[in-house]
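Notes for the one structure printed next.
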Amino acid sequence: MSDSDSFIDEVTDEVRRDRLFALLKRFGWIAILLVILIVGGAAWYEIRGNRTSASTQAFGDAILAALDEKDSDARIKALEAVPTSNADQKALIQMLAGSEAGKADDAAEGSKLLSEVAGDGADPIYGQIAEFKKLLMATDMSAEDRRNAFSQLAAPGSALYLLAQEQIALTYVDEGNPQKAIETLKGITDDANVTAGLRQRASQLIVALGGSTGDKDS
């Protein structure tokens, strides 16, 4: 390479550096701002996550403390005093309080509390579970009425489908119709989504009613 070529290359490199420095002076603040936003965003996300985790833990601890009270009335009052920050937490508190009232043989109060679970933006599953619990408390209903009510929760795809089917089978038992109960219970044991515990309960009831579980026997 000649001296003139070397000189030209040096000048070209110098011009490139000058242009680069000029661009950095003009637009470098954008890169700095992006870095600040990324770092700040990550820090904010971490802080928010920690706060959410702490809040959830405090909520859970408050529930456990309330359930440690000695009698149902005290547990209900303690549960109702637990602060909630969203509709799902409120629904959970009402559902637990309703269950406690039911355990204390106060079906009317339990039903009232459980009726307040649905709505207010809470996940629909809370309302479905509350309705299920209300039906379990409703001992004054006829077997047919209970079956019709549980059928509303036994729609395919429902999270409570199989549990509702189990209760429907029990209504047939109450009516003295073991064959229909066995058919319903076998539908439970044959379902791909049945849990081991529910399959065992259904299988045992089938046998108790004089039926056979066959290959599904557990």
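Amide H to amide H, with H built 1.01 Å from N, residue 158 comes under 5 Å of no residue 5 or more places away or on another chain. Note on the stretch 82-159: percent of Cα-Cα distances in each 5 Å bin, starting at 0 and stopping at the bin with the largest distance, equals 3, 17, 24, 21, 20, 10, 3, 1, 0. With neighbours defined as other Cβ atoms within 10 Å of a residue's Cβ, the residues 125, 76 order from fewest to most as 125, 76. Net charge in the neighbourhood of residue 135 (other residues with Cβ under 11 Å of its Cβ; Lys, Arg +1, Asp, Glu -1) is +2. Put in order of Cβ neighbour count within 10 Å, fewest first, the listed residues 186, 103 become 103, 186.
Packing-based ranking of 129-137, 146-154, 53-61 yields 129-137, 146-154, 53-61, ordered from highest to lowest mean Cβ neighbour count within 10 Å. For the pair residue 80 and residue 145 in one chain, pulling the backbone fully straight at 0.36 nm per residue adds 20.2 nm over the alpha carbon distance. Shown in residue order for the stretch 172-184 are the 3J(HN,Hα) couplings computed by the Karplus curve 6.51 cos²θ - 1.76 cosθ + 1.60 at θ = phi - 60°: 5, 4, 4, 7, x, 10, x, 4, 5, 5, 5, 4, 5 Hz (x for Gly and Pro).
Where a number appears in this text, it was derived from the coordinates with a stated rule and is not lab data. Being a predicted model, the structure only gives us computed values, none of them experimental. Reconstructed Cβ throughout: ideal geometry from the backbone, glycine too, with neighbour counts over all protein chains shown.
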